[in-house]
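Step one of this worksheet: look at the structure below.
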Amino acid sequence: MTIREKLISALYEAEEQLADERQRINELIKGKDERLAREIWDEESSQILRYYEEEVEVAESRLLLHDAGKYHLPAPDYSDKHAWEESRLTSSRYLIREERRKLRRSLLEERRREDDIRNARGNQKIGIGGLIVAGIALVPAFISAMLDLFKG
């Protein structure tokens, strides 16, 4: 399993845990009156959901940084306090939402640029391949013409 696959797996796992926890809390409040439901939600969800939300943000930040490194894109310096947020529940740090958006945008642009280059190369190969096929098709005609020239 590659590093990227491990990071994606960690992100999916964190998202699943967050969804499971939300569902568990919703089951707790089902059938309760609104005031009691709000109290249960506030009591149960405040720390637990924030923990899982931060785990998703950490996993997403790691994945984005890995991909940015693959494409040699600049990433926010780890010491930049405006780009990184410290988890309130763990010792992890993650990119703030705006920095993740910027990195995603940069990655998308780089991938598009790479795809454009790959498509242009593919078109060149098709053109060169066509010339080779045409050249090969002309060889018998050339040989026939040469034979006629020597015979005649």
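Some notes on this structure:
- Any hit, region 58-72, residues being of a type in the set (Val, Ile, Thr) and in a loop (DSSP other than H, G, I, E, B): no
- Criterion: within 26 Å of Ala14 (Cα to Cα) and modelled with pLDDT under 85 - qualifying residue of Leu89, Leu103, Leu138, Leu149: Leu89
- Within region 73-94, if we keep just the residues that are assigned to a strand (DSSP E or B) and in contact with a Lys or Arg (Cβ under 9 Å, 6 or more places away or on another chain), the residue that is surrounded by the most Cβ atoms within 10 Å (Cβ to Cβ) turns out to be Tyr94.
- Criterion (in contact with a Ser or Thr (Cβ under 9 Å, 6 or more places away or on another chain), among the charged types (D, E, K, R) and in contact (Cβ under 8 Å) with a residue 12 or more places away in the chain) met by exactly one of Arg4, Arg88, Arg93: Arg93
- The condition of being among the charged types (D, E, K, R), in a helix (DSSP H, G or I) and modelled with pLDDT of 80 or more does not hold for Arg121.
Per-residue answers, yes or no, for (1) under 24 Å from Lys6 (Cβ atoms); (2) in contact (Cβ under 8 Å) with a residue 40 or more places away in the chain; (3) buried (at least 18 other Cβ atoms within 10 Å of the Cβ):
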site: Glu54; (1), (2), (3): yes, yes, yes
site: His66; (1), (2), (3): yes, yes, no
site: Arg113; (1), (2), (3): no, no, no
site: Arg118; (1), (2), (3): no, no, no
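- For region 50-57, the count of residues that are under 16 Å from the mean Cα position of the chain (by Cα), within 21 Å of Arg93 (Cβ to Cβ) and of a type outside the set (Gly, Ala, Ser) is at least one.
- Applying the set (1) more than 19 Å from Glu15 (Cα to Cα); (2) acidic (Asp, Glu); (3) at pLDDT 80 or above; (4) not in a loop (DSSP other than H, G, I, E, B) to Glu54 leaves exactly one unmet item: (1).
The values are calculated or read from the model by the stated rules, or taken from the named source; none is laboratory data. Remember, predicted model here, so these are calculated numbers, not experimental data. Note: ideal-geometry Cβ built from the backbone for every residue, glycine included; neighbour counts use all protein chains shown.
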